[in-house]
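I have placed the structure first, in the form of structure tokens, so that the comments after it can refer back to it.
Since every read-out is calculated from the coordinates, none of them should be taken as a lab result. Note that the structure is a prediction, hence the values are computed from the model and not measured. With ideal geometry, Cβ positions are generated from the backbone for all residues, glycine too; neighbour counts draw on all protein chains shown.
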Amino acid sequence: MKLAEQLSLWSRAIGRGVFPHQMAWMLDLPGRGAIMSAKTVADRLPLKPNARVLEVGPGSGYYSVRVAQRIPDGELTLLDIQQAMLDKSADKLRAAGLSNFATQQSDGQSLPFEDQTFDAIFLVTVFGEIDARDAFLDEAVRVLKTDGVLSITEHHPDPDFEPADTVEACVAAHGLTPVQRLGWRWAYTVNAVKGAE
Ligand SMILES: C[S@@+](CC[C@H](N)C(=O)[O-])C[C@H]1O[C@@H](n2cnc3c(N)ncnc32)[C@H](O)[C@@H]1O
């Protein structure tokens, strides 16, 4: 790869905007679990064994395996704007012996699912990358079941990090009720519930 291409990838990886799939290895760096482990993310989701769960922006699948393991009778749907990320996360799930998953390429502005499909939707270090945030949240509310949970996790050093106050205000503006803020200022999860319409 040419030097200019390498520099461009590095600047996209450490700058704001969609994280480039060519740098997905950075998402799997040893030590990341000390900041936000897969167990922590899964523990913060309300997962029944038969739950239907949507993960937006799985990237390399760092968090996908643990969640899919928790829903052996359910299904994890992975949705990412980059097909190459979906290929990587699907490979990771298959390597872990899991088949209870599906993939969908989309930018999140419209979610190609029926109303009231998912028990939970989660995203980790993705919220700040989504350009059309209002459209995404409208769609997330539509495809969540009543009493379903939208779980947004953010942690540093993500360049698109959004503070918990901002995330709570955004989800509340779309009719969701923030019910939990877990973790601490620079590595947290906000869980918000869809009430009855
Ligand atoms: C920083 S990575 C995080 C990956 C994974 N969640 C993790 O924490 O390891 C951001 C991911 O969100 C995806 N993404 C960014 N904008 C998106 C959008 N509008 N719709 C769907 N996926 C998006 C990127 O392609 C990338 O896979």
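As a calculated quantity, the FRET efficiency between Glu75 and Arg32 at R0 = 35 Å, using C-beta atoms, amounts to about 0.85. This ranking places Lys92, Lys2, Lys39, Lys194 by how few other beta-carbon atoms lie within 10 Å of each, fewest first, which gives Lys2, Lys39, Lys92, Lys194. Sorting Val41, Val124 by the number of Cβ atoms found within 10 Å of their own Cβ, with the fewest placed first, yields Val41, Val124.
Pairs from the list Lys48/Lys145; Lys92/Lys194; Lys2/Lys92; Lys88/Lys194 with a Cα-Cα gap above 25 Å: Lys92/Lys194; Lys2/Lys92; Lys88/Lys194. Label the range 88-197 by shape, choosing from rounded, prolate and oblate, from the square roots a ≥ b ≥ c of the eigenvalues of the Cα gyration tensor; if a/c is under 1.5 it is rounded, and otherwise prolate applies when a/b is larger than b/c, oblate when it is not. In terms of gyration-tensor shape, oblate.
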